[in-house]
Amino acid sequence: MSAAKKEAAPKAPKAEKSAPKADKAAKATKGKKVVDIKDAPKVASTERLINLLTTPHITEKTSLAMQNANTYSFRVLRNSTKPEIKAAVELMFGVKVARVNVVNETGKTRRFGKLQGRTQDIKKAYVRLAPGQTIDYEAKIKA
């Protein structure tokens, strides 16, 4: 009786292997760059871009970089990203940015009598402009 029940029970169809489908998808996208929507850069609001650059950071080192390498430095918000910094400089000064490098500087410990404290952390951005582009700080101040 148990043998009859086994024969009468319908057999479940075998699951197809998904490997051939995956291979076809891989071959179809081979050589093509597939961009996920999560990887796309997010466009920040104009108000955030305006507030992103806090001050230009001008020292002897950065003034030499301005003359020799067409690189300008800015203090920026600590939570800013390279694409945001690039967009902010292009928006504020109307120039074409070639490259952005970012440096996070930790704050120094300071003492005032018995009290010990610490200065704030700083994020600096070194922005290299495309050839032929310049930023004139004095013209922006007068405007």
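Worth a mention:
- Restricting attention to the stretch 89-143, the residues that are β-branched (Val, Ile, Thr), in contact with a Ser or Thr (Cβ under 9 Å, 6 or more places away or on another chain), in contact (Cβ under 8 Å) with a residue 40 or more places away in the chain and not in a strand (DSSP E or B) total 1.
- Residue that is modelled with the highest pLDDT, among those in the stretch 111-139 that are open to solvent by 100 Å² or more (accessible area, probe 1.4 Å) and hydrophobic (A, V, I, L, M, F, W, C): LEU115
- Subset of the stretch 93-105 [farther than 18 Å from THR62 by Cα and loosely packed, with under 12 Cβ neighbours inside 10 Å]: GLY94
- Qualifying position, being more than 14 Å from the chain's Cα centre (by Cα) and β-branched (Val, Ile, Thr), among VAL103, VAL95: VAL95
- Among the criteria (1) over 15 Å from LYS124 (Cβ atoms); (2) surrounded by fewer than 17 Cβ atoms within 10 Å (Cβ to Cβ), the one LYS61 does not fulfil is (1).
- Between LYS142, LYS30, LYS108, the distinction of being of a type in the set (D, E, K, R), at pLDDT 95 or above and open to solvent by 60 Å² or more (accessible area, probe 1.4 Å) belongs to LYS108 only.
The values are calculated or read from the model by the stated rules, or taken from the named source; none is laboratory data. Since we're looking at a predicted model, the values are computed, not measured. Reconstructed Cβ throughout: ideal geometry from the backbone, glycine too, with neighbour counts over all protein chains shown. Only protein heavy atoms, including side chains, enter the accessible area calculation; ligands, DNA and RNA are left aside. Shrake-Rupley method; radii C 1.70, N 1.55, O 1.52, S 1.80 Å.
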